[in-house]
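Chemist: Just dropping this structure here.
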Amino acid sequence: MSSNREQFGSRLGFILAAAGSAVGIGNLVGFPVNAAKNGGGAFLLIYAICVIVLCLPVMMAELSLGRHTRKDPMGAYKSIAGNSPWQIAGWLALITPFMIAVFYAVITVWLLGYLVNAAIGNLDQLASPDTFGTFINSNSIFVYFLAVAAIIFLILANGVKDGIEKAAKVLMPTLFLFLIGLVIFVLTLDNAWSGVGYYMIPDFSKINGAVISGALSQAFFSLSLGMGILITYGSYMDKKEDLPGATKMVALCDTGVAFAAGLMILPAVFSFNPDIKPEELSDSSVSLIFSFLPKIFLALQGTLGYAGASVVATLFFALVFFAAITSLVSIIEVPTASLIDAKGYSRKKALLVLGIGMGILAIASALSFGKIGFLTELTHYAGAKRSLFDLIIDTFYDTILPLNGLLICLFVSYRWRKTQLNAEIESGNENYKGTFLERYVNFSVGTFIPVILFLIFINTVAIKYFGSSLISL
Ligand code: PFF
């Protein structure tokens, strides 16, 4: 254990950095659409249950493992299990964040492009149907790529306290302010409250096995589980820190932002088109952000004028961009920490090595939307052609994440052992011993959570690669 490992400077700094990781495109766009399509208030209830019953224990397990070993995920597996087959889980915990960072970086680059264009008065162009396709295949994305790479480098090169924590302390409060401002504004629009109704009134008839599994996946991804992020951030946490308390704050913050995002997106959609059916909402977060919402922002010019509509669009893209940057920072920190821990690289050298590898893959993925034929039609499965970008999302984001979560649970319960887990959590919270939470975490992490994650994993494999769901309740 290295005694001079970097650390977060304060409890608030840790909470904001971890919340910065958790609050991302998933919360701001994916969650509201999922909720509106899948039973409104009924989905919200199921989501909240998933967070409390299934995700909180996994969050605590990941943070404790990191804080105990003071290592990156690969180092954490290795320092407890040596050269055993658990090393495979360590490798997965390294490759997964690397690959997720690749596709997330592409979306972040597009967000920056839309943010800049909204701010310089090009909202009318953004709202035109062909813009997105043209923009993602234009050469200007290379400039935005460099800008995003520079921002991430500047934050991460400054380390945990002066880089990650400082950035989170600026970006997260700004993000909260923008979000609250936009929610208040959107709720004053005509027909806004029919959107609120659709979002919050429960429709239990829509709830089935697939919706429950979707709510769990959404919660799992939203809290950045299975990506090695919380192991890494845990390794920078003070031993005196109240781990369950901090975990609850991060989960609350993440869920609060997701909920508020629903109060921003759905009333805006309904004020634009009061007759819209939630089924007609875009299928993917990407098409919602880049094709659907710009039209809504432009329509605001009727009441606010073009400049006012552009300000609203700029605030929205800035909000999502900040959320994406803090998530990207957290996920790139995982392989960075691995290179520092395992190879003894300096932080800057680790970032440069990763930057080159990720940069090449990210640019290749960005070119897989038609610009380069071979990358656009890289492979074929479940009855359709898939691009490099699709392949990375399907494999790492959708499939391997639940597998990583499952492996963490098994590792913590049966290799590291629950007594060690409990001892780690008790450091910083003496009252934890003997509580209901302690018994619950011990039981759930060792039993039904891995079973549920296993079912989600095989169901995702069935859907993604064979085109049929195993859950059809
Ligand atoms: N919690 C993030 C989100 O909801 O978007 C998940 C995430 C994705 C974190 C990608 C980090 C990342 F690079």
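The values are calculated or read from the model by the stated rules, or taken from the named source; none is laboratory data. Because the structure is predicted, anything quoted here is derived from the model rather than measured. All Cβ positions, even for glycine, are placed from backbone atoms using ideal geometry, and neighbour counts span all protein chains on display.
Chemist: Could you look through segment 304-317, keep only residues that are free of Cβ contacts under 8 Å to residues at least 40 places away in the same chain and not hydrophobic (A, V, I, L, M, F, W, C), and pick out the one that is farthest from the ligand (Cβ to nearest atom)?
Modeler: It comes out as GLY305.
Chemist: Could you say which residue among SER346, SER327 is buried (at least 23 other Cβ atoms within 10 Å of the Cβ) and either more than 11 Å from the ligand (Cβ to nearest atom) or within 18 Å of LEU16 (Cβ to Cβ) (or both)?
Modeler: SER327
Chemist: Do you know which residues across segment 106-122 are out of contact with any Phe, Trp or Tyr (no Cβ under 8 Å at 6 or more places or on another chain) and within 16 Å of the ligand (Cβ to nearest atom)?
Modeler: Scanning segment 106-122 gives a single hit, ILE107.
Chemist: Any chance you could count how many residues in segment 127-137 are under 19 Å from ALA366 (Cα atoms) and surrounded by 13 or more Cβ atoms within 10 Å (Cβ to Cβ)?
Modeler: The qualifying residues number 6.
Chemist: Going by what's in this entry, would LEU361 be described as without any contact (Cβ under 8 Å) to a residue 60 or more places away in the chain, surrounded by 14 or more Cβ atoms within 10 Å (Cβ to Cβ) and under 18 Å from ILE107 (Cα atoms)?
Modeler: For LEU361, the condition - without any contact (Cβ under 8 Å) to a residue 60 or more places away in the chain, surrounded by 14 or more Cβ atoms within 10 Å (Cβ to Cβ) and under 18 Å from ILE107 (Cα atoms) - is not met.
Chemist: Looking at (1) within 16 Å of the ligand (Cβ to nearest atom); (2) crowded, with 24+ Cβ neighbours inside 10 Å, can you tell me which one LEU56 breaks?
Modeler: Unmet condition: (2).
Chemist: Output the residue which, of all residues in segment 252-287 that are within 28 Å of ASP390 (Cβ to Cβ) and among the polar types (S, T, N, Q), is surrounded by the most Cβ atoms within 10 Å (Cβ to Cβ).
Modeler: So, considering only residues that are within 28 Å of ASP390 (Cβ to Cβ) and among the polar types (S, T, N, Q), the one surrounded by the most Cβ atoms within 10 Å (Cβ to Cβ) is SER285.
Chemist: Among all residue pairs at least 6 apart or on different chains, which show Cβ distances below 6 Å where the first residue, located in segment 20-42, is touching a residue at least 60 places away in the same chain (Cβ under 8 Å) and of a type in the set (Ser, Thr, Tyr) and the second is near the ligand (Cβ under 8 Å from one of its atoms) and assigned to a loop (DSSP other than H, G, I, E, B)?
Modeler: From segment 20-42, the pairs are SER21/SER224.
Chemist: Scan segment 314-338 residue by residue and report those that are aromatic (Phe, Trp, Tyr) and either over 17 Å from the mean Cα position of the chain (by Cα) or closer than 12 Å to GLY163 by Cβ (or both).
Modeler: Once the filter is applied, which keeps residues that are aromatic (Phe, Trp, Tyr) and either over 17 Å from the mean Cα position of the chain (by Cα) or closer than 12 Å to GLY163 by Cβ (or both), segment 314-338 yields only PHE316.
Chemist: A follow-up question, please. For segment 187-209, what are the residues that are buried (at least 16 other Cβ atoms within 10 Å of the Cβ) and among the small types (Gly, Ala, Ser)?
Modeler: Answer for segment 187-209, where residues must be buried (at least 16 other Cβ atoms within 10 Å of the Cβ) and among the small types (Gly, Ala, Ser): ALA192, SER194, GLY195.
Chemist: Looking at SER235, SER224, which is the one that is among the small types (Gly, Ala, Ser), over 17 Å from the mean Cα position of the chain (by Cα) and either surrounded by fewer than 23 Cβ atoms within 10 Å (Cβ to Cβ) or closer than 29 Å to ALA61 by Cα (or both)?
Modeler: Being among the small types (Gly, Ala, Ser), over 17 Å from the mean Cα position of the chain (by Cα) and either surrounded by fewer than 23 Cβ atoms within 10 Å (Cβ to Cβ) or closer than 29 Å to ALA61 by Cα (or both) holds for just one of SER235, SER224, which is SER235.
Chemist: Here are the criteria: (1) more than 16 Å from the ligand (Cβ to nearest atom); (2) closer than 27 Å to ILE265 by Cβ. Tell me which single one VAL320 does not satisfy.
Modeler: Going through the list (1) more than 16 Å from the ligand (Cβ to nearest atom); (2) closer than 27 Å to ILE265 by Cβ, VAL320 breaks only (1).
Chemist: Still on this structure, please answer the following. Would you mind telling me which numbered condition in (1) in a helix (DSSP H, G or I); (2) modelled with pLDDT of 95 or more GLY121 fails?
Modeler: Result: GLY121 fails condition (1) only.
For every residue, the table says whether it meets (1) under 24 Å from MET60 (Cβ atoms); (2) out of contact with any Phe, Trp or Tyr (no Cβ under 8 Å at 6 or more places or on another chain); (3) among the hydrophobic types (A, V, I, L, M, F, W, C); (4) not in a helix (DSSP H, G or I).
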residue	(1), (2), (3), (4)
LEU179	no, yes, yes, no
PHE185	no, yes, yes, no
ASP190	no, yes, no, yes
SER194	no, no, no, no
TYR199	no, yes, no, no
SER205	no, yes, no, no
VAL211	no, no, yes, no
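Chemist: Just to be sure I understand, how many residues within segment 215-229 are within 9 Å of the ligand (Cβ to nearest atom) and either over 18 Å from LEU65 (Cα atoms) or in contact with a strand residue (DSSP E or B) (Cβ under 9 Å, 6 or more places away or on another chain) (or both)?
Modeler: Final tally of qualifying residues: 3.
Chemist: Considering only segment 37-47, I want to know if a residue exists there that is more than 14 Å from the ligand (Cβ to nearest atom), more than 21 Å from the chain's Cα centre (by Cα) and crowded, with 22+ Cβ neighbours inside 10 Å.
Modeler: yes
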